[in-house]
1. Which of the residues that make up region 42-58 are in contact (Cβ under 8 Å) with a residue 24 or more places away in the chain and charged (D, E, K, R)?
2. Suppose we filter region 2-58 for residues that are at positive phi and modelled with pLDDT of 95 or more; how many remain?
3. Which residue out of 18, 43 is loosely packed, with under 13 Cβ neighbours inside 10 Å and acidic (Asp, Glu)?
4. Would you be able to say whether some residue in region 62-78 is in contact with a Ser or Thr (Cβ under 9 Å, 6 or more places away or on another chain) and surrounded by 15 or more Cβ atoms within 10 Å (Cβ to Cβ)?
Amino acid sequence: MPAYVIAMVQVTDPTKYEAYKTAAHAAIAAAGGRYLVRGGASEVLEGDFPGDRIVVFEFADMAAAKAFMNSPEYAAAKAHRDGAAKMNLLIVEGLNR
């Protein structure tokens, strides 16, 4: 079953965040993931949203998503995020279709 990493992001330094985006994109691609949502217009319909940006990317399964999260490539990308954004991340298993 596919797995999705969902990031709820509050960007605090847009210039510095650009370096994180570039490095994260390369790490996601190297791990076999692909973006489904990367920013764009959004609207909160109910409740509170912890951020100003949402990103969703897909992996083949939970194991691949977890491997990405623990990869050296993503660790290097996260170093660019320090001081650039606050982020909430989760992995959710998709439907087997």
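1. Answer for region 42-58, where residues must be in contact (Cβ under 8 Å) with a residue 24 or more places away in the chain and charged (D, E, K, R): 52, 53, 58.
2. Qualifying residue count, region 2-58: 1.
3. 43 is the lone residue from the list that is loosely packed, with under 13 Cβ neighbours inside 10 Å and acidic (Asp, Glu).
4. yes
The values are calculated or read from the model by the stated rules, or taken from the named source; none is laboratory data. Because the structure is a prediction, the values reported are computed rather than measured. Heads up, the Cβs are rebuilt from the backbone with ideal geometry, glycines too, and the neighbour counts pull from every protein chain shown.
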